[in-house]
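The next block holds one structure in the form of structure tokens; read it before the comments.
Any read-out appearing in this document is the output of simple, stated calculations on the displayed coordinates, not a laboratory observation. This is a predicted model, so every value here is computed, not measured. Cβ placement follows ideal geometry from the backbone for every residue including glycine, while neighbour counts extend to all protein chains displayed.
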Amino acid sequence: QSALTQPASVSGSPGQSITISCTGTSSDVGAYNYVSWYQQHPGKAPKVLIYEVNNRPSGVSNRFSGSKSGNTASLTISGLQAEDEADYYCCSHTSSITWVFGGGTKLTVL
Amino acid sequence: QVQLVESGGGVVQPGRSLRLSCAASGFTFSGYSIQWVRQAPGRGLEWVAVVSNDGTIKYYADAVRGRFTISRDNSKNTVSLQMNSLTAEDAALYYCAREVGTTFLLDYWGQGTLVTVSS
């Protein structure tokens, strides 16, 4: 199972919005509404931001939103803040009854 | 409060075995699936395996299937990951995480246990 494709890095200024893409295939992202997104700060365990494409767990800021079109899912962060600087990973269920992560995207807040 | 604590990591020679444990507390353990996710130094996250809440359903990533075995003991609130025939590609920080439902909503994670494979 190949990893989902994410941009290696994205950047934005405080207050701006950014979008991170996550491209898979018709056997994973395109086949299921089981895409989740995780944020990881250096030296810390990942934290879930989005599950089932566009659902936010309680306690997660509404500045984080998810969507999907075809084989590509997206995470949008609005009103960028300094603490948003972190690595972001998407994850999808696959037709092999497994899970696959994206390669990760490093977000820099300028 | 919900806690997951991994243990059992260490330095192991290629081809040898290691058994990781994940001890849970603060919630009804038998109500949740548990996932293992690993992260090689400086690399991204990689899904490893999952065991259902009752231990009857188990799935593995292609990279570990046939070498790793996941199991759980609901009487002791623990999940184990038996890792055999280890290679350098298995060296990573191994996290266990609680899954809500079956949609990969991993809401609580441990801090990880480090596995180093070296001769």
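List, please: which pairs have Cβ atoms under 7 Å, are six or more places apart or on different chains, and start with a residue in region B:98-119 that is of a type in the set (Gly, Ala, Ser) and end with one that is assigned to a strand (DSSP E or B) and surrounded by fewer than 18 Cβ atoms within 10 Å (Cβ to Cβ)?
Partner pairs satisfying both residue conditions: B:GLY110/B:VAL5; B:SER118/B:VAL11.
Restricting to region A:12-29, what's the tally of residues that are over 15 Å from A:THR76 (Cβ atoms) and either crowded, with 18+ Cβ neighbours inside 10 Å or among the polar types (S, T, N, Q) (or both)? Walk me through how you get there before you give the answer.
Restricting attention to region A:12-29, the residues satisfying the condition of being over 15 Å from A:THR76 (Cβ atoms) are A:13-14, A:23-29.
Next, from what is left, pick out any that are either crowded, with 18+ Cβ neighbours inside 10 Å or among the polar types (S, T, N, Q) (or both): A:13, A:23-29.
Adding up the residues that qualify gives 8.
Select from region B:55-86 the residues that are closer than 24 Å to A:ALA3 by Cα and of a type in the set (Ser, Thr, Tyr) and write down the one among them that is farthest from the chain's Cα centre (by Cα).
Of everything passing the filter in region B:55-86, B:SER85 is farthest from the chain's Cα centre (by Cα).
Among the numbered conditions (1) in a loop (DSSP other than H, G, I, E, B); (2) within 30 Å of A:SER95 (Cβ to Cβ), tell me where B:VAL50 comes up short.
Unmet for B:VAL50, out of (1) in a loop (DSSP other than H, G, I, E, B); (2) within 30 Å of A:SER95 (Cβ to Cβ): (1).
In the set A:THR19, A:THR76, A:THR72, A:THR105, which member is touching a residue at least 60 places away in the same chain (Cβ under 8 Å), within 15 Å of the chain's Cα centre (by Cα) and more than 22 Å from B:ASP62 (Cα to Cα)?
On the way: A:THR19 fails: touching a residue at least 60 places away in the same chain (Cβ under 8 Å); A:THR76 fails: touching a residue at least 60 places away in the same chain (Cβ under 8 Å); A:THR72 fails: touching a residue at least 60 places away in the same chain (Cβ under 8 Å).
Step by step, each of A:THR19, A:THR76, A:THR72, A:THR105 is checked, and only A:THR105 is touching a residue at least 60 places away in the same chain (Cβ under 8 Å), within 15 Å of the chain's Cα centre (by Cα) and more than 22 Å from B:ASP62 (Cα to Cα).
Search region A:92-110 for residues being over 13 Å from A:ILE20 (Cβ atoms) and hydroxyl-bearing (Ser, Thr, Tyr), and hand back the single one that is farthest from the other protein chains (Cβ to nearest Cβ).
A:SER95
Being in contact with a Phe, Trp or Tyr (Cβ under 9 Å, 6 or more places away or on another chain), of a type in the set (A, V, I, L, M, F, W, C) and either crowded, with 17+ Cβ neighbours inside 10 Å or more than 10 Å from chain B (Cβ to nearest Cβ) (or both) is true for just one of A:ALA73, A:ALA86, A:ALA82. Which residue is that?
A:ALA73
State which residue pairs qualify: first residue of a type in the set (Ser, Thr, Tyr) and inside region B:47-65, second residue outside any loop (DSSP other than H, G, I, E, B) in any location, beta carbons under 7 Å apart, and separation of 6 or more residues or different chains.
Pairs that qualify, where the first residue is of a type in the set (Ser, Thr, Tyr) and the partner is outside any loop (DSSP other than H, G, I, E, B), are B:SER52/B:SER33; B:TYR59/B:ALA49; B:TYR59/B:VAL50; B:TYR60/B:ALA49; B:TYR60/B:PHE68.
Checking A:ALA45 against (1) over 11 Å from the mean Cα position of the chain (by Cα); (2) more than 10 Å from chain B (Cβ to nearest Cβ), which test does it fail?
Looking at each condition in turn, A:ALA45 falls short on (2).
Could you check how many residues of region A:48-63 are under 11 Å from the mean Cα position of the chain (by Cα) and surrounded by fewer than 18 Cβ atoms within 10 Å (Cβ to Cβ)?
1
Quick one: in region B:65-87, which of the residues that are closer than 15 Å to B:THR113 by Cα and not polar (S, T, N, Q) is surrounded by the most Cβ atoms within 10 Å (Cβ to Cβ)?
B:VAL79
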